[in-house]
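The values are calculated or read from the model by the stated rules, or taken from the named source; none is laboratory data. All values derive from a computational prediction rather than experimental measurement. Quick reminder, even Gly has a Cβ in these numbers, built from the backbone with ideal geometry, and neighbours come from all protein chains shown. The accessibility values were calculated without ligands, DNA or RNA, using every heavy atom of the protein model including side chains. Shrake-Rupley method; radii C 1.70, N 1.55, O 1.52, S 1.80 Å.
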Amino acid sequence: MRTTMVPKLGREISLVGLGTWQLGGDWATVGDEAAQEVLAASADAGTRLFDTADVYGDGRSEKAIGRFLAGREDRDDFVVFTKMGRRATPHEESAYTLDNFRRWTDRSRENLGVETLDLVQLHCPPTSIYEQQRVYDDLRTLQQDGAIARWGVSVELVDEALAALEQPDLATIQIIVNIFRRKPLERVLPLAAERGVGIIARLPLASGLLSGKYDEHTTFAPEDHRTWNRDGSKMNIGETFSGIPFEVGVQAAREVAALTPEGWTTAQMALGWLAQVGVATMIPGASKVSQAQSNAAAADFPELPAETMDRLEQIFDEYCREHVHDVF
């Protein structure tokens, strides 16, 4: 597996990680045994980065990772990124206090079976939080206490990422970036690279659109966010299909699929594109062993020629720009 050195994180991380929202069972039914198989398949394929959150299955995802890593002789080769903040009810600025931070991180430490969390990310907090110096100071207090090693942010908006980048010890930014969401390439990635901050690409496959396997008749289970959040009524609309209307995304994905080199899948090309534009890592999800293996193999995807890169940008302009570029 190719790796990327992230200066502010102080270590190398695998180019392709594993996102584990689905292992929590919130929207995908992945049993405990299947979760362990997916984690093992990712590790066997060279992945050494798992991304989770305290709210994924109310801690179920963290616990699955903790069980998988417990007792492994190579445990130190793995890094686990978790998140906190979404447990707050209601989810508002006043919940972001040091006392809550300590409670949330203590729970994640127990779930993962570690004394010190490798990285904690603020989990898409209210936009106002990114301007609150006290919040960053509280994160530094957790570092001083030994509860966390590094901290980062997971954001919805480019402007939120830019606000967090003003902090000199920010380690990572997790942001939606993919072939259908290109705005971070213009403003966030260049500044992050300059400051040694790692970009974690989330929703790299636009909720599966960039697999090229969906059509206008595809349906999803009632508990799947791709069913209940298409209008953004339950969570930010950008979390589902990257904010692209499903029917538009299907048409755009057909155009992308037509560019896929022989011997590779469209999903692998979408991940390879991310590597080419300079993210530190990407965190596609997987609910099956075959998906985990295929995602990890994308680390070896060849560089796309300039004409293909140009055509992918044209597809974005034709189908996606009007829906997302000025929104996020």
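Observations on the structure shown:
- Residue in segment 222-231 that is in contact with an Asp or Glu (Cβ under 6 Å, 6 or more places away or on another chain) and surrounded by fewer than 20 Cβ atoms within 10 Å (Cβ to Cβ) present: no
- Selected residue (criterion: modelled with the lowest pLDDT) from residues of segment 29-52 that are surrounded by 18 or more Cβ atoms within 10 Å (Cβ to Cβ) and in a loop (DSSP other than H, G, I, E, B): Val30
- Whichever residue in segment 37-74 is hydrophobic (A, V, I, L, M, F, W, C) and within 13 Å of Gly113 (Cα to Cα) and, among such residues, is nearest to the chain's Cα centre (by Cα): Ile65
Listed here are the residues, each with its yes/no results for (1) touching a residue at least 24 places away in the same chain (Cβ under 8 Å); (2) open to solvent by 20 Å² or more (accessible area, probe 1.4 Å); (3) farther than 18 Å from Ala280 by Cα; (4) not acidic (Asp, Glu).
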| residue | (1), (2), (3), (4) |
| --- | --- |
| Val120 | yes, no, no, yes |
| Glu131 | yes, yes, yes, no |
| Gln143 | no, yes, yes, yes |
| Ala161 | yes, no, no, yes |
| Ala171 | yes, no, no, yes |
| Asn178 | yes, no, no, yes |
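- Check on Ile13, over 30 Å from Glu131 (Cβ atoms) and in contact with a Leu (Cβ under 8 Å, 6 or more places away or on another chain): no
- Selection count, segment 153-196, where residues are part of a helix (DSSP H, G or I), among the β-branched types (Val, Ile, Thr) and more than 17 Å from Gln276 (Cβ to Cβ): 1
- Of all residues in segment 203-256, those that are under 22 Å from Gly272 (Cα atoms), over 17 Å from the mean Cα position of the chain (by Cα), assigned to a helix (DSSP H, G or I) and among the aliphatic types (A, V, I, L, M) total 4.
- For Thr127: the one exception among (1) farther than 18 Å from Gly152 by Cβ; (2) within 19 Å of the chain's Cα centre (by Cα); (3) open to solvent by 70 Å² or more (accessible area, probe 1.4 Å); (4) of a type in the set (S, T, N, Q): (1)
- Residues that are part of a loop (DSSP other than H, G, I, E, B) and more than 14 Å from Ile179 (Cβ to Cβ), drawn from segment 266-311: Gly278, Ala280, Ile283, Ala286, Ser287, Lys288, Pro302, Glu303, Pro305
- Residue under evaluation Val324, criteria (1) open to solvent by less than 10 Å² (accessible area, probe 1.4 Å); (2) within 30 Å of Glu37 (Cβ to Cβ), criterion not met: (2)
- Members of segment 72-93 found to be polar (S, T, N, Q) and either open to solvent by 80 Å² or more (accessible area, probe 1.4 Å) or touching a residue at least 40 places away in the same chain (Cβ under 8 Å) (or both), listed by number: Thr89
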